[in-house]
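Single-structure report; data block below.
The values are calculated or read from the model by the stated rules, or taken from the named source; none is laboratory data. Here the structure is a predicted model, which means the values were calculated and not measured. Cβ placement follows ideal geometry from the backbone for every residue including glycine, while neighbour counts extend to all protein chains displayed.
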């Protein structure tokens, strides 16, 4: 039995599960998959907006797609503590006890999810996820179990799935090479970092916080790598996203 078949069997038996929706392509595809494959309405969708670190276009996209799909009543939007206020105070979130973005910011939002959750996690996302499973217990020391119906899908399958159903990608992918749910992420790849740092407004916020905690960052290998990865693009000028905003009338 395939992952999708097993996920469908479980989700059609349980009630009151939650789709974890970030506005990214994978979680949006997972939401659509649930709509098409679950034959009961006893579920909701949870969108966690990371205050000051989630791009307004990401939130706008989620609200618009929810209206388009007719699931406004199922959508629960949770706003967190202000990310950059915490980053100014504590420095960038790192692994372990210092990864406060998960434990201090996101975890309170997840308390509003049901016991069973659905995510768009795919094994091809990373080596860490490849070692996972289509069903697993959520991290963060929480008694939540997550089902990943798209676990065996490729990126191309996700994109084709969205396209075939007439659901556009979050515009932040074109502007910033990421969904915009977490604009600053210590573990972002090069395209993500470069895209975000091409925007003067985001660049100034991020640099101010990093420069303030430079000494703390430079004490460890991980902190140095985060600091150097982001500050490397401090002086770049890329205008493509501004042109796109002008075209769309959002500036």
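For the residues 30, 66, the requirement of being closer than 20 Å to residue 149 by Cβ, surrounded by 15 or more Cβ atoms within 10 Å (Cβ to Cβ), modelled with pLDDT of 95 or more and touching a helix residue (DSSP H, G or I) at 6+ places or on another chain (Cβ under 6 Å) singles out 66. When 72, 88, 5 are checked against the criterion of being over 14 Å from the mean Cα position of the chain (by Cα) and closer than 23 Å to residue 150 by Cα, a single residue qualifies: 5.
Count, please, the residues in region 199-220 that happen to be at pLDDT below 85 and out of contact with any helix residue (DSSP H, G or I) (no Cβ under 8 Å at 6 or more places or on another chain). Total satisfying the criteria: 2. Scanning region 36-50 for residues that are in a loop (DSSP other than H, G, I, E, B) and either out of contact with any helix residue (DSSP H, G or I) (no Cβ under 6 Å at 6 or more places or on another chain) or closer than 18 Å to residue 171 by Cα (or both) yields a total of 5. Summed over region 178-191, residues that are farther than 16 Å from residue 90 by Cβ and at pLDDT below 95 total 5.
Given the structure, is residue 94 modelled with pLDDT under 90, assigned to a loop (DSSP other than H, G, I, E, B) and within 16 Å of residue 183 (Cα to Cα)? In short, yes. For region 124-138, name all the residues that are assigned to a helix (DSSP H, G or I) and at pLDDT 70 or above. Answer for region 124-138, where residues must be assigned to a helix (DSSP H, G or I) and at pLDDT 70 or above: 124, 125.
Looking at (1) assigned to a helix (DSSP H, G or I); (2) touching a strand residue (DSSP E or B) at 6+ places or on another chain (Cβ under 6 Å); (3) surrounded by fewer than 19 Cβ atoms within 10 Å (Cβ to Cβ), which one does residue 77 not meet, given that it meets all the others? Looking at each condition in turn, residue 77 falls short on (1).
Quick check, is residue 64 assigned to a helix (DSSP H, G or I) and over 19 Å from the mean Cα position of the chain (by Cα)? Against the criterion (assigned to a helix (DSSP H, G or I) and over 19 Å from the mean Cα position of the chain (by Cα)), residue 64 does not qualify. One residue stands out among those in region 4-27 that are in a helix (DSSP H, G or I) and touching a helix residue (DSSP H, G or I) at 6+ places or on another chain (Cβ under 9 Å): the one that is farthest from residue 136 (Cα to Cα), which is 25. So which residues in region 75-105 are touching a helix residue (DSSP H, G or I) at 6+ places or on another chain (Cβ under 8 Å) and within 24 Å of residue 16 (Cβ to Cβ)? Matches in region 75-105: 75, 77, 78, 80. Taking residue 121 and the conditions (1) buried (at least 18 other Cβ atoms within 10 Å of the Cβ); (2) modelled with pLDDT under 90, which numbered condition does it fall short on, given that it satisfies the others? Result: residue 121 passes all but (2).
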